[in-house]
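Below: the structure, in structure tokens.
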Amino acid sequence: MNKQIKFHIHSKRLLFVVFFFTVVFVHTTHTAERNKLAIPFEGKYGQIEIGGRYVGAEFHNSFPLPSRVSFFYPVANSIDISSDYWRRGFESHPYSLLLSIDGITEAIGMQPWKYEWTPFYAMFNREEEQYNATIEYRFAEDIPVMVVRMRFVNKTSDSKEFRVFTGLSLSVRTSHTFALRDKAALLNFDTTSVVIGYPDRHADSTAVFVLNTGTVPVNWSGYGIRKDNDDTVIIKQPRAVYDYIHLLVPGEAMEIIHIVGSCRMSEWNDVVGESLERWEESVNAYEQRVMAYALDPVFVIDRPEHMQTLRWSRALLETNLHYIDGAYAPMPCPAEYNFYFTHDMLLTNLGSVIFDVERVRDDLFFLQSLTGPDNILPHAYYWKDGDYRTEYAGADNWNHLWFIILLNSYLLHSGDAELSASLYPVAARSLQLIFENYRDGLMYASRPDWWDIGNVYGARSYLTILTVRAVDSFASLTLRLGEEEVAASSYLEKSEVMKQELINSLWDDDAGYLLNMFDLNEVDRHYYAGSLLAIVFNSIDREKQRVLLETAQRELLDENIGIRNVMPADFHELIDAYQFKGMEAGEPFQYINGGVWPHGNAWYALGLLAAGMPDEAESVVRKYMTLEGISNSPRGQPSFFEYRNADSKSVRYGEIDKPSFLWAGGWYLHVLYRLAGVRENGWNISFDPHIPAVFDSVQYSVWNKGEKVDVGVNGTGKYFKRIVVNGERSYSAVLHRNIRSLLLERGNPVTPYLADAGCIVSDVRFNQAEISLQITGHGVTGQSVRLSVVSPLPVVEMKSSGGSIMERSVRIDGTVYLIDIVLRFDKTESIVTLQFY
């Protein structure tokens, strides 16, 4: 078992883990490190999800016993009593616990307990007059188990007989059909282990086990066990029950340790033996690895709420990396979704690619392994009915566009032309498919906004905005990889048309918003969060950005918890009109039907940032996206979420679902680096000095062209006073070569510098003697792009070779000149020269 699983770890990471554990963690107290991340909570409604590579657990209502245990190895089975997702917290109680003290018995674990937790660990605590109880959950690095440690302390002044009864259902539900398997073979049954086997292809012949390695039970039994005529032990609705008795003197503790896991029936003996021998070593190794990643000082700012959420987000990246079909891949949650979605990987890695290109490389390799023979992008991958299934992205699936955007971003940050080139045919196929929905200068889709439900075909703002951005990314990929520029030129022409039609056809002056078509003829009057991307990607002018933000504040913003997904929240009344499947959109203000989602808050913050309001953007992030801000909101708790209940009239207002949601962390990281000044426009990585006042001194690292760049930002103001690269003066806020260090000093500029460019920039030079700035750019022949230059000096001449300057403008902000140039490429390379005096 050890060799079967452990060495699926990517080789470089394995070497790092072995070296790091050997050299550093030998003398490290991992509990102290874990406490740097753990957060306490004493509310009576907390939902948490925790887990590791192979097992995850889901808890509701602050109960210390899980409602669901999810297994990822060998396939995605789960222990879950409920068949209704919406009622799991009320109905599913696979674990039971009875405590008897001197013959007086009580059921425990069905009341709210206070707890502390991280994405990979939880400890629940309850103090009563006679006893103190703790229940702790931990997970392993290279063994497919969850460790449950129960501790009961005698608080009285007399010796007391403590008797504890534990029970755990061992029936499993399969993925993806969630079918119940409750007839099994008994493989082993004694004081040390109960092992149940499911010789069923739908469950992949899985064995589920509970091991004892603490107090030895005095009695044990299994509900549903009987023997057939041939003495084969058959189990119906299997449940492992243990009875522990211990006479405790005052202050003495009784400790019960369960190791719960899953493996193939053919390997259960080896796995059980290794689990009993090595569980503590493996648990420590897992926690140490995650903590090392979470606490790595790759971003430092003197703001505790941001540092706490940064570390939590990085921990989530590790804990939601789960086993699937011989690999480790990012999945949405530790327990609630035990299958792979391309969308979750793409959105999360929009943040990760800035600081961890190796992670993104591994994820792209896995994605590539699922791609169809005709280069069609996978949408999802999961175990179902005896084998692994791949769902492929349809022609109007937004995954095509996010994939192109991420792949280009990966190339910018990693410089990895080999992997990018191997995935270029997939990007080309994705753009080809998405343009099957191009009509009259707009993109059409069956789903509303970014949703994956509904089936009415019409023009969509979200898809149009996203396509425009993806076209820029595809053109950048095409040029950087040396592909024929004709592959991008026609898309760029259509992109220009889409920018115009977005305004002409979908902008509504009365609404002050980018709306959508319900079908081919009727306007959809709903306000969808996806239209905020028009500001984020600079698809509309500044005045419309301002109006759209005001409308979003009026129509979508819940002042306490953030941006609602859509308004009005009336989709429960429009099931037939939108062709939903029953109530899949949710009740009003729940789930997609007006609930608050993390990316809505991220898009709102990024929109404020793009519109020149960095302090307001930081306030939104702090209030709606940090753990502290979420905790301080209605029915808040220290966690992330997939969505929040936005019904302000409900007792459940603010309630959180899926508290360890992967791309909530990914979007937080993405926005955090944007607040610190990092920018991407599809063509380049650049830096913007107009950042929040509280970010006046920040240090972080980013990846550029495969090299790690240490970035320091200081000073105040909307412009860069100085840009220093590798210790030498630079005249570009746009990265265009390999560098190791970057110092950005904010203030009034002392020399001209390139602030932004809508094309590939290969060189920027300032001639002190001639007082001229020379910019070398690359683009698609016939393409028009915008260059922005900031200068303390007035410009007297602008000229270009290899291109034509179509427009030029100069604005003055105090003593600073803001110069904009629209350049058309007559060749693939153009040199623009600005002369100053």
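The values are calculated or read from the model by the stated rules, or taken from the named source; none is laboratory data. Only a predicted model underlies this, so the values are computations on that prediction, with no experimental measurement involved. Heads up, the Cβs are rebuilt from the backbone with ideal geometry, glycines too, and the neighbour counts pull from every protein chain shown. To get the accessible areas, we keep the full protein, side chains included, count just its heavy atoms, and leave off ligands, DNA and RNA. Shrake-Rupley method; radii C 1.70, N 1.55, O 1.52, S 1.80 Å.
Numbers below:
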quantity	calculated
Options TYR323, TYR286: the member that is among the hydroxyl-bearing types (Ser, Thr, Tyr) and touching a helix residue (DSSP H, G or I) at 6+ places or on another chain (Cβ under 8 Å)	TYR323
The stretch 718-749: number of residues that are assigned to a loop (DSSP other than H, G, I, E, B) and more than 27 Å from VAL785 (Cβ to Cβ)	5
The stretch 581-596: number of residues that are open to solvent by 10 Å² or more (accessible area, probe 1.4 Å) and assigned to a loop (DSSP other than H, G, I, E, B)	8
Test: LYS649 is on the phi < 0 side of the Ramachandran plot and either in contact with a strand residue (DSSP E or B) (Cβ under 9 Å, 6 or more places away or on another chain) or at pLDDT below 95 (or both)	no
Count - residues of the stretch 435-470 that are farther than 26 Å from TYR591 by Cβ and within 24 Å of the chain's Cα centre (by Cα)	4
Positions within the stretch 370-395 being β-branched (Val, Ile, Thr), more than 16 Å from GLY326 (Cα to Cα) and touching a Leu at 6+ places or on another chain (Cβ under 7 Å), in sequence order	THR371
The lone exception for ASN601 - which of (1) under 16 Å from LEU557 (Cα atoms); (2) part of a helix (DSSP H, G or I); (3) open to solvent by 10 Å² or more (accessible area, probe 1.4 Å); (4) not small (Gly, Ala, Ser) it fails	(3)
Residue within the stretch 36-55 that is at pLDDT 95 or above, open to solvent by 10 Å² or more (accessible area, probe 1.4 Å) and small (Gly, Ala, Ser) present	yes
Any hit, the stretch 71-81, residues being open to solvent by 50 Å² or more (accessible area, probe 1.4 Å) and over 19 Å from VAL55 (Cα atoms)	no
Test: residue in the stretch 9-24 that is open to solvent by 20 Å² or more (accessible area, probe 1.4 Å), of a type in the set (A, V, I, L, M), touching a helix residue (DSSP H, G or I) at 6+ places or on another chain (Cβ under 6 Å) and at pLDDT below 95	no
Filter pass, SER686 being among the polar types (S, T, N, Q) and open to solvent by less than 20 Å² (accessible area, probe 1.4 Å)	yes
Selection count, the stretch 732-756, where residues are farther than 12 Å from PHE687 by Cβ, touching a Lys or Arg at 6+ places or on another chain (Cβ under 7 Å) and surrounded by fewer than 20 Cβ atoms within 10 Å (Cβ to Cβ)	4
Residue within the stretch 467-488 that is surrounded by fewer than 16 Cβ atoms within 10 Å (Cβ to Cβ) and among the polar types (S, T, N, Q) present	no
Residues that are open to solvent by 30 Å² or more (accessible area, probe 1.4 Å) and polar (S, T, N, Q), drawn from the stretch 494-508	GLN500, ASN504, SER505
Filtered residues of the stretch 357-370 (kept if open to solvent by 20 Å² or more (accessible area, probe 1.4 Å) and either of a type in the set (Ser, Thr, Tyr) or out of contact with any strand residue (DSSP E or B) (no Cβ under 8 Å at 6 or more places or on another chain) (or both))	GLU358, ARG361, PHE365, GLN368, SER369
When residues of the stretch 691-705 are limited to those that are open to solvent by 30 Å² or more (accessible area, probe 1.4 Å) and under 23 Å from VAL353 (Cβ atoms), the one nearest to the chain's Cα centre (by Cα)	TRP703
Residue match in the stretch 145-152 (condition: touching a residue at least 40 places away in the same chain (Cβ under 8 Å) and open to solvent by 50 Å² or more (accessible area, probe 1.4 Å))	yes
Qualifying residue in the stretch 132-139 (condition: without any contact (Cβ under 8 Å) to a residue 60 or more places away in the chain and within 30 Å of MET265 (Cβ to Cβ))	yes
Some residue of the stretch 309-319 being open to solvent by 50 Å² or more (accessible area, probe 1.4 Å) and part of a helix (DSSP H, G or I)	yes
Subset of the stretch 329-349 [open to solvent by 10 Å² or more (accessible area, probe 1.4 Å), within 25 Å of LEU412 (Cβ to Cβ) and not in a helix (DSSP H, G or I)]	PRO330, PHE341
Subset of the stretch 612-641 [open to solvent by less than 10 Å² (accessible area, probe 1.4 Å) and among the charged types (D, E, K, R)]	GLU618
The listed residue being closer than 27 Å to THR309 by Cβ, at pLDDT 95 or above and open to solvent by 40 Å² or more (accessible area, probe 1.4 Å), out of LYS721, LYS708	LYS708
From the options ARG460, ARG480, residue that is within 16 Å of TRP683 (Cα to Cα) and at pLDDT 95 or above	ARG480
Inter-residue pairs, beta-carbon under 8 Å, first open to solvent by 40 Å² or more (accessible area, probe 1.4 Å) and in the stretch 201-217, second of a type in the set (A, V, I, L, M, F, W, C), 6+ apart	HIS202/ALA179; SER205/MET265; THR213/ILE257; THR213/ILE259; THR213/LEU276; THR213/TRP279
Which listed residue, of HIS400, HIS413, is part of a helix (DSSP H, G or I), closer than 21 Å to ASN516 by Cα and open to solvent by less than 20 Å² (accessible area, probe 1.4 Å)	HIS400
